[in-house]
Amino acid sequence: MGSFQQLKQLTRGNALFLIIILGIGGSFQNGYHITGLSSPSPYIQHFINSSWYDRYEEPPPPQTVTMIWSLIVSMYAVGGLFGALSVKLISGKKKAMISNSIISIAAAGVMLASKQAKSYEMIIVARILYGFSAGLGSSTHVMYLGEIAPIKIRGAVTLTAATFGSLGKLFGQFFGLSEILGREDLWNVVLCVPAFFSLVQILVLPFLPEAPRYLFIEKGDEKACKKALQNLWGQGDYEQEMDEMLAEQVAIDAAPPKTSLQLLRDRTVRWQLLTMFIIYWSNQLSGMSTISTFSFDIFLKAGIPRDQIRYVTLCLGVSEIITSISCGLLMIEHIGRRPLFWGGYGVMGASLVFVTVTLNLKDSGEWVSYITAILISLFIIFFSGGPGGTTGTLHSEVFIQSDRMAAFVLIGSQRWFVFALLGLVFPFLIDTLDSYCFVLFACICLLASLYTFFLLPETKGKTLLEISEEFQSITVCGKSFSDKIKAATRL
């Protein structure tokens, strides 16, 4: 389906409006909080120093400031971990998204009050709440998108989660400019901007339909499902979508919804779980999260003047969102998912190797610093147009409804755990290994490129059950999990 036809189908009903409302309360929030912390980081560290001095009448040791700053960064991911674990506790995607927005507004209240109270502990609490909101919201956002989308444009619709994540990063960089809110007297305000978008979602989302797949499969309401499809995508019989949901429901009746532990033990989804674990680990350990969160420190170490760093990061944000939109409209439904993964990881790994070289040559001239920025831009473009943009789509395609919730809890937990670990360790890692920490990230990218090239099946244009069969047919050294299942059945 061409780009124009995709846009036309999105505007026949309320689908585009729902996608926007879900986006600003979902992955947008996570994207904003990843980059939004970078700009005020010097002011927050100064606030930690001054708060400590006011209490103890002596300056804190430098390692103490680094540890408190690491906690502020990493506690966001700890909150995200608990948010991801809470996805199963709230019935209905719409209710989960509204709950997520309420928590985000509460976190903004704590963050605003922290400056007046001279409490860096309150910043940590606010970051935990922001993280919980992001963990709950980003997981539910991707599931909601996957459950409202027709087969022909499912990839493009679920990719909007990555687009809004990129948009959130761009807004975090924009509001962090000194001409906007990036000043020392407003550092707490710049971290509260997403609460406005959360409020918009709370006011508007109740008037938009619940996910059709949730209504049909989990609620058993065929009439409400068809009404929701027509509300979202315009008038039509949607026979193909209903038939797919019916086939999935038959499969679920034969195998009821699983817990996370049952899913880990299930050999029929072993390749899907392994693939998503590897991809999410690779995305987190590729260096993208650390580059987004610590961009100010990285560019400062690269030799870019302090007053120009925010403009460099803003340009990177613009390139990321343009690439993400281009991937959604032009690439994912034409090229397919698999080439975007292995090609993206390959270029990302090569870029990081050259970043390591340029960081070691930064004293050769000012031009080397800007070569570093260009290489990081190339890394970001291939991440957002490749693995970063396509992961959410793949995640919603490889698990049937009965497995999806447990899978999101498992994979979301792993994703946020790694993010927390990186946030805590990276400030010390960059001080210890200096530029060579990017060699570690490059190796991860190379391994991910090889895995997705040789083992990841293409999922474009296939039903969920067809994709499940593709995974079960994967063979390594002449053996597959499905062979083991057949052998166990014969016994």
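Scanning segment 174-203 for residues that are open to solvent by less than 30 Å² (accessible area, probe 1.4 Å) and either at pLDDT below 90 or assigned to a helix (DSSP H, G or I) (or both) turns up Gly176, Leu177, Gly182, Trp187, Asn188, Val190, Pro194, Ala195, Ser198, Gln201.
Looking across segment 204-239 at every residue that is of a type in the set (S, T, N, Q) and within 30 Å of the chain's Cα centre (by Cα), the one that is surrounded by the most Cβ atoms within 10 Å (Cβ to Cβ) is identified as Gln230. Filtering segment 144-156 to residues that are surrounded by fewer than 24 Cβ atoms within 10 Å (Cβ to Cβ) and hydrophobic (A, V, I, L, M, F, W, C) leaves Ile151, Ile153. Can you run down the residue pairs with Cβ atoms below 7 Å, 6 or more apart or on separate chains, where the first is in segment 219-234 and of a type outside the set (A, V, I, L, M, F, W, C) and the partner is open to solvent by 50 Å² or more (accessible area, probe 1.4 Å)? Once the first residue is of a type outside the set (A, V, I, L, M, F, W, C) and sits in segment 219-234, its partners that are open to solvent by 50 Å² or more (accessible area, probe 1.4 Å) give Asn231/Asn14; Gly234/Arg12. When the residues of segment 343-387 are filtered to those that are farther than 23 Å from Arg306 by Cβ and without any contact (Cβ under 8 Å) to a residue 24 or more places away in the chain, which remaining residue is most open to solvent (accessible area, probe 1.4 Å)? Filtering segment 343-387 for residues that are farther than 23 Å from Arg306 by Cβ and without any contact (Cβ under 8 Å) to a residue 24 or more places away in the chain, the one most open to solvent (accessible area, probe 1.4 Å) comes out as Phe354. Kindly establish whether Thr66 is at pLDDT below 90 and closer than 24 Å to Ser292 by Cα. Here the answer is yes, as Thr66 does meet what is asked. If you scan segment 279-301, which residues turn out to be open to solvent by less than 50 Å² (accessible area, probe 1.4 Å) and either touching a His at 6+ places or on another chain (Cβ under 6 Å) or among the hydrophobic types (A, V, I, L, M, F, W, C) (or both)? Matches in segment 279-301: Ile279, Leu285, Met288, Ile291, Phe294, Phe296, Ile298, Phe299.
Put simply, of Ile321, Ile309, Ile304 the only residue that is in a loop (DSSP other than H, G, I, E, B), of a type in the set (A, V, I, L, M, F, W, C) and crowded, with 19+ Cβ neighbours inside 10 Å is Ile304. Scan segment 69-95 for residues that are of a type in the set (Lys, Arg), open to solvent by less than 60 Å² (accessible area, probe 1.4 Å) and either at pLDDT below 85 or touching a Ser or Thr at 6+ places or on another chain (Cβ under 7 Å) (or both) and the total you get is 1.
Just so you know, in segment 324-342 the residues that are in a helix (DSSP H, G or I) and open to solvent by 30 Å² or more (accessible area, probe 1.4 Å) include one that is modelled with the lowest pLDDT, and it is Leu329. Of all residue pairs spaced 6 or more apart or on separate chains, those with beta-carbon atoms under 7 Å, a first member in segment 94-105 that is closer than 14 Å to Leu199 by Cβ and among the β-branched types (Val, Ile, Thr) and a second member that is modelled with pLDDT of 90 or more and open to solvent by less than 40 Å² (accessible area, probe 1.4 Å) are Ile98/Leu205; Ile103/Ser133; Ile105/Ala195; Ile105/Ser198.
Listed conditions (1) assigned to a helix (DSSP H, G or I); (2) of a type outside the set (S, T, N, Q); (3) more than 26 Å from Ala406 (Cβ to Cβ) are all met by Leu264, apart from (3). For segment 114-127, the criterion of being surrounded by 24 or more Cβ atoms within 10 Å (Cβ to Cβ), more than 30 Å from Gly336 (Cα to Cα) and in contact with a Leu (Cβ under 7 Å, 6 or more places away or on another chain) is satisfied by no residue at all.
The values are calculated or read from the model by the stated rules, or taken from the named source; none is laboratory data. Note that the structure is a prediction, hence the values are computed from the model and not measured. No Cβ is skipped: glycine too gets one built from the backbone with ideal geometry, and neighbour counts run over all protein chains shown. Keep in mind that these areas ignore ligands, DNA and RNA; they rest on the heavy atoms of the full protein, side chains included. Shrake-Rupley method; radii C 1.70, N 1.55, O 1.52, S 1.80 Å.
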